[in-house]
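The values are calculated or read from the model by the stated rules, or taken from the named source; none is laboratory data. Just so it is clear, the structure is predicted and the values come from calculations on it, not from any experiment. Positions of Cβ are generated from backbone atoms using ideal geometry, with glycine treated the same way; all protein chains shown enter the neighbour counts.
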Amino acid sequence: MGTRLREETEYRPKPMVEVGGRPILWHIMKYYSHFGFRDFVLCLGYRGRVIKEYFLNYEAMNNDFTICLGRTNQIQFHNEHREQGFHVTLAETGLETMTGGRIRRAAKYLDDDTFLMTYGDGLSNVDLRALLEFHKSHGKLATVTSVNPPVRYGILGMDGGGQVTDFFEKPISRDNISAGFFVLNRKVLDYIDDDQTVFENGPLERLTAEGQLMAYRHTGFFYAMDTYREYVQLNDMWNSGDAPWKVWAA
């Protein structure tokens, strides 16, 4: 529901908050498509109708067209947007369903034994093909992308008397965090018990305990849009032409 982004999410779901005039969901899908992944299953919840309306109207909103009004009601599109061939399944997964439950509910639309999964609010320049090859190489059930995030505040080093000995302005953390961008085997679905299963708790904890979770280390860009401040920063990156996730042709 994006409660920390309430200025932007009161009337739309968080994935529809815009970066550079396009929903962040669009940016994520464009990024995946750059690596050849064009078959999407979107797990809808809070204000999912907004996402449905966006895709139902996509042709009209992204093409010139001529419309014949009246009983014939014909539309002729005159050009082609760059999202040709996107195959998008919009799956209602419940308003209060947790992250694991959403995957479970949408599983009927998964055709392959291996699938990629990510969240609707994070942007990165991780090499998705290399991520997939890493997953195939180790033979485990799940792979998560790990990053070392920048620390939000400056770090002080001090001696016992309060003398500052070191100052680091927003250094890179030594801790690894999950950036999402998973590759999963469908056997992971067996670790999800019901709609209230939080994927990041029970399933990932059990996979870890069983030695079935591997981490792909990404040292490049990753940014999650959790707050209004981060929303502004992502828009500033896009508007300045310095958007590391923008790898597709204009």
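Numbers for the structure displayed
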quantity	calculated
Count of segment 109-134 residues which are within 14 Å of the chain's Cα centre (by Cα) and aliphatic (A, V, I, L, M)	5
Residue that is nearest to THR143 (Cα to Cα), among those in segment 218-236 that are within 17 Å of the chain's Cα centre (by Cα) and of a type in the set (D, E, K, R)	ASP226
Residue match in segment 47-63 (condition: touching a helix residue (DSSP H, G or I) at 6+ places or on another chain (Cβ under 6 Å) and part of a loop (DSSP other than H, G, I, E, B))	no
Counted residues, segment 100-124 - those being assigned to a strand (DSSP E or B), closer than 26 Å to TYR231 by Cβ and of a type in the set (Val, Ile, Thr)	0
Lone unmet requirement of (1) in a loop (DSSP other than H, G, I, E, B); (2) surrounded by 15 or more Cβ atoms within 10 Å (Cβ to Cβ); (3) β-branched (Val, Ile, Thr) for ILE28	(1)
Breaking point among (1) within 17 Å of ALA142 (Cα to Cα); (2) surrounded by 14 or more Cβ atoms within 10 Å (Cβ to Cβ); (3) in contact with a Ser or Thr (Cβ under 7 Å, 6 or more places away or on another chain), for VAL188	(3)
All positions within segment 64-88 that are without any contact (Cβ under 8 Å) to a residue 12 or more places away in the chain and part of a strand (DSSP E or B)	ILE67, CYS68, GLN74, GLN76
Selection status of ASN125, touching a strand residue (DSSP E or B) at 6+ places or on another chain (Cβ under 9 Å) and modelled with pLDDT under 95	no
